[in-house]
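Right, one structure below, let's go through it.
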Amino acid sequence: MIHLYFMRHGMSEMNKRGLFAGRSETPLADEGVEQCRQAGKSLKGTKIDIIVSSPMERAYESAQIIAQEIGYPTDKIILNDLFMERDLGELEGSNYIKGLPLNRYNGVEHSRDLIERAKQALSFLEALDGDNVLVVSHSAIGRALKYAVNPSTKFRELESFRNAEIVKLF
């Protein structure tokens, strides 16, 4: 039986500045690097068979730091576009406002499309040959994955993941 762990990337420079990042590329802030090191240390007692990451810079860098901390070969990290952050359209780079009704803005990936992508991502993960899988990605797709695993909750009521927070989804 697969055990699925999810981690949001470490704090990025845009997170630090309080901006919507979405699909904008932004590196990890120094604090984010340290968060990932600490998260990796907390995983040392857990055998991770596979690490899957968003190809976006902040997630992939986070996955590499985790891999180094737990002795996982960085060249074995699987990059998959299904785990990219939600496209935030016209909100990219603007000031972050918690609870903003994102579906109302131009170019924002609609919640139903995000959830559908998460269901595809979950199918991808379930087909992998490993017992303990760690996904390093972004908060919105993490929430959508959490919803895909347990749709009894309302998607809009799911809390965002904190930077470098590791959660066991199942």
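The values are calculated or read from the model by the stated rules, or taken from the named source; none is laboratory data. Remember, predicted model here, so these are calculated numbers, not experimental data. So basically every Cβ, Gly included, is an ideal-geometry build from the backbone, and we count neighbours across all protein chains shown.
Working only within region 100-113, note down all residues that are in a loop (DSSP other than H, G, I, E, B) and within 17 Å of Met14 (Cβ to Cβ). Listed by number, the list holds a single entry, Leu100. Filtering Ile51, Ile97 for residues that are free of Cβ contacts under 8 Å to residues at least 12 places away in the same chain and either in contact with a strand residue (DSSP E or B) (Cβ under 9 Å, 6 or more places away or on another chain) or assigned to a loop (DSSP other than H, G, I, E, B) (or both) leaves a single hit, Ile97.
Take Tyr96 and tell me if it is closer than 12 Å to Val136 by Cβ, over 17 Å from the mean Cα position of the chain (by Cα) and not basic (Lys, Arg). Here the answer is no, as Tyr96 does not meet what is asked. May I ask you to verify whether Ala118 is under 15 Å from Gly10 (Cα atoms), aliphatic (A, V, I, L, M), surrounded by 17 or more Cβ atoms within 10 Å (Cβ to Cβ) and at pLDDT 95 or above? It is false that Ala118 is under 15 Å from Gly10 (Cα atoms), aliphatic (A, V, I, L, M), surrounded by 17 or more Cβ atoms within 10 Å (Cβ to Cβ) and at pLDDT 95 or above.
Scan region 140-151 and tell me whether some residue there is part of a helix (DSSP H, G or I), more than 13 Å from Phe170 (Cα to Cα) and more than 11 Å from the chain's Cα centre (by Cα). No, region 140-151 contains no residue that is part of a helix (DSSP H, G or I), more than 13 Å from Phe170 (Cα to Cα) and more than 11 Å from the chain's Cα centre (by Cα). Among Glu90, Glu61, Glu69, Glu116, which is touching a Phe, Trp or Tyr at 6+ places or on another chain (Cβ under 6 Å) and in a helix (DSSP H, G or I)? Going through Glu90, Glu61, Glu69, Glu116 in turn, just one is touching a Phe, Trp or Tyr at 6+ places or on another chain (Cβ under 6 Å) and in a helix (DSSP H, G or I): Glu90.
Could you check how many residues of region 156-170 are among the basic types (Lys, Arg) and either within 12 Å of the chain's Cα centre (by Cα) or part of a strand (DSSP E or B) (or both)? Within region 156-170, residues that are among the basic types (Lys, Arg) and either within 12 Å of the chain's Cα centre (by Cα) or part of a strand (DSSP E or B) (or both) number 2. In region 145-163, the residue that is surrounded by the most Cβ atoms within 10 Å (Cβ to Cβ) out of those that are out of contact with any Gly (no Cβ under 6 Å at 6 or more places or on another chain), closer than 27 Å to Lys44 by Cα and not hydroxyl-bearing (Ser, Thr, Tyr) is Leu145. Within region 35-53, at least one residue is of a type in the set (A, V, I, L, M) and over 22 Å from Leu122 (Cα atoms).
Condition check ((1) farther than 30 Å from His3 by Cβ; (2) loosely packed, with under 15 Cβ neighbours inside 10 Å; (3) out of contact with any Leu (no Cβ under 7 Å at 6 or more places or on another chain)) across all residues:
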| residue | (1), (2), (3) |
| --- | --- |
| Asn80 | no, no, yes |
| Ile97 | yes, yes, yes |
| Asn106 | yes, yes, yes |
| Val133 | no, no, no |
| Ser137 | no, no, yes |
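Flag: Gly142 matches the condition of being out of contact with any His (no Cβ under 9 Å at 6 or more places or on another chain), under 12 Å from Leu4 (Cβ atoms) and modelled with pLDDT of 95 or more.
If you go through region 151-170 and keep only what is among the polar types (S, T, N, Q) and either touching a Pro at 6+ places or on another chain (Cβ under 9 Å) or modelled with pLDDT of 90 or more (or both), you end up with just Asn163.
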